[in-house]
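To keep things clear, I will list the structure first and then write my remarks on it.
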Amino acid sequence: MSNWVYIENIAAFEGQEVTIKGWLYNRTDKGKLQFLLVRDGTGIIQCVASQKDLPPDVFAAAQSVTQESSLIVTGQVRADKRAPGGYELLLTGLQIVQLTQDYPITPKEHGIEFLMKHRHLWIRSARQHAILRIRAEVVKAIRDWLNSHGFVNVDTPILTPSSCEDTTTLFETDYFGEPAYLTQSGQLYNEATIGAFGRVYCFGPTFRAEKSKTRRHLTEFWMVEPEMAYVDLEGCMEIEEQFVSYIVQTVLANRAKELQTLERDTSKLEKVVPPFPRITYDEAVKLLQEKGFDFKWGDDFGAPHETAIGEHFDRPVFVHHYPTAIKAFYMEEDPTRPEVCLSVDLLASEGYGEIIGGGQRTASYELLERRIKEHNLPRQAYEWYLDLRRYGSVPHSGFGLGVERTVAWICGISHIRETIAFPRMLERIYP
Ligand code: 4AD
Ligand code: MG
């Protein structure tokens with residue numbers, strides 16, 4: 001069959017005969033007229049099969065084709081405002097590639113357990129398709145912005161000899177008789193590569209053996225981690241707000257159709273432009289107390305606290321200067337107030353909670369050495385990291401943005417399990 005085209009480009013072929021290769025999304029039987037919704041990965045188009053215009057065998061095929069059968073259709077492209085997408089195909093030919101029997105996901109409602117078990121098929125549905133298409137746009141925007149702002153992509157290892165974040169969430173594996181861990185973050189290696197390249201980023205999967213079953217936690221998630229030499233806490237926040245705004249505005253510009261499929265209120269996303277408000281941890285505590293939370297200085301925020309702080313502002317908000325005691329070992333101390341550190345988290349708007357963690361890193365050899373001891377970390381494994389403070393240490397900062405939480409926020413969906421093709425969670429590793 002000639003002139004194979006993709007549905008996303010269909011407007012350019014109005015009035016012409018084209019071929020589309022895909023799958024049957026749904027069919028409406030009106031007797032002598034069959035309305036086939038065909039999808040090809042780039043979109044969905046309605047194909048109209050009319051008994052009076054078609055050879056009997058072609059019409060019989062249109063009448064019998066089942067949901068999710070693979071098929072190749074040929075027809076004339078016609079503009080029609082009533083058709084989903086604005087165009088339809090007047091069918092002239094139909095070849096069934098494989099006739100599907102008993103597709104498990106039907107247009108009726110299914111429970112989440114059933115859908116998760118059939119994730120390999122569920123991703124074909126319009127809503128899941130829209131979310132994953134937006135994810136791909138987010139990933140592209142991330143790379144485009146960093147690549148065009150002087151950041152060099154230097155990826156970091158997945159198998160590591162030591163921890164970066166909380167040692168209780170390490171996935172341990174056997175490395176030829178030695179324990180090794182799946183990476184929680186590429187940050188420590190980024191701090192090495194800035195010594196060679198100045199501004200870098202790593203981008204890949206990271207792993208946390210999170211025992212918590214929440215809508216914000218996966219055990220395997222993707223993180224992009226920029227790191228910058230000679231940048232302080234304030235400079236770090238300026239980069240973050242430019243970066244996050246670019247990602248959101250790019251999705252708004254390029255994925256309007258998908259956001260519409262998700263019925264996303266885009267007016268909220270349009271507000272995501274710099275500058276973002278900045279508050280200290282101290283101020284955040286006061287805000288929570290004013291809102292009636294029983295929250296003490298020194299505690300870490302849980303999901304309800306992050307939601308309450310985030311909802312107070314119409315765009316993402318930076319919370320900086322957290323207590324040193326609740327943050328990771330590598331955080332720089334505030335020189336005037338060592339009980340707080342130069343850390344910063346970015347909480348998304350609309351109550352979505354933390355999407356970025358980061359801040360300024362310890363530049364001093366002595367302080368870092370003390371911290372490694374205080375956190376009971378095996379010094380030997382961090383010898384190379386201490387080297388970075390021995391040989392040309394500089395003030396430096398960086399951050400990690402979680403892709404799935406960012407996608408959930410932009411899509412306006414309540415659980416991050418739908419933001420990655422095959423989520424890994426407590427109690428889920430299939431399919
Ligand atoms: O705040 P986190 O733990 O920061 C770090 O790992 C730093 N070393 C990053 C850096 O400075 N280079 O994680 C960063 C982000 C969080 O804000 C969140 O978006 C995401 O990673 N994240 C998770 N996403 C899904 N599931 C989980 N279990 C996550 N844990 C963190
Ligand atoms: Mg964090």
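The values are calculated or read from the model by the stated rules, or taken from the named source; none is laboratory data. As the structure is a computational prediction, the values presented were derived from the model and not from experiment. No Cβ is skipped: glycine too gets one built from the backbone with ideal geometry, and neighbour counts run over all protein chains shown. Note: accessible area is taken over every heavy atom of the protein model, side chains too, but ligands, DNA and RNA are not part of it. Shrake-Rupley method; radii C 1.70, N 1.55, O 1.52, S 1.80 Å.
Here is how the numbers come out for the structure above:
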item: Carbon plus sulfur fraction of accessible area for the chain, probe 1.4 Å, in percent; result: 53 percent
item: 5 angstrom amide H check on GLU220, placed H, neighbours 5+ away; result: ARG208, ARG424
item: Average Cα contact separation per residue, the range 53-118, under 8 Å, 6 or more apart, as relative contact order %; result: 33 percent
item: Under the span-like rule (Cα at least 27 Å along the axis, Kyte-Doolittle mean at least 0.0), DSSP H helices of the chain; result: 233-254
item: Accessible surface, the chain, averaged per residue in Å² (probe 1.4 Å); result: 47 Å²
item: Length-normalised contact order for the range 151-304 - Cα pairs under 8 Å, 6+ apart - percent; result: 16 percent
item: Which of LEU252, LEU342, PRO316, positive extreme of dipole for the range 119-419 (C-beta unit charges); result: LEU252
item: Where Rh is the Kirkwood radius over Cα pairs, Rg/Rh for the chain; result: 1.06
item: Most fluctuating residue given options ILE326, ILE356, ILE131, as computed from a GNM of the chain linking Cα atoms under 10 Å; result: ILE326
item: Per DSSP, loop chymotrypsin sites (Phe, Trp or Tyr not before Pro) in the range 127-201 with at most 11 further Cβ within 10 Å; result: PHE176
item: Proximal lysines relative to LYS327, as straight alpha-carbon distance under 28 Å, when same-chain residues fewer than 8 apart are discounted; result: LYS211, LYS213, LYS286, LYS291, LYS296, LYS373
item: Reachable lysines, given that their alpha-carbon falls under 25 Å from the alpha-carbon of LYS52 and they are not under 8 places away in the same chain; result: LYS21, LYS30, LYS32, LYS81
item: Residue-averaged [θ]222 nm for the chain, counting only DSSP H segments that reach four residues, each worth -39500 (n - 2.57); result: -9000 deg cm²/dmol
item: Cβ-based net charge around SER185, under 10 Å, with every Lys or Arg adding one and every Asp or Glu removing one; result: -1
item: Size of electric dipole in the chain: Cβ of Lys, Arg +1 and of Asp, Glu -1, about Cα centre, debye, nearest 20; result: 1480 debye
item: The chain, relative contact order [Cα under 8 Å, separation at least 6], %; result: 13 percent
item: Of LEU89, LEU54, LEU36, the one that fluctuates the most in a GNM where the chain has Cα springs shorter than 10 Å; result: LEU54
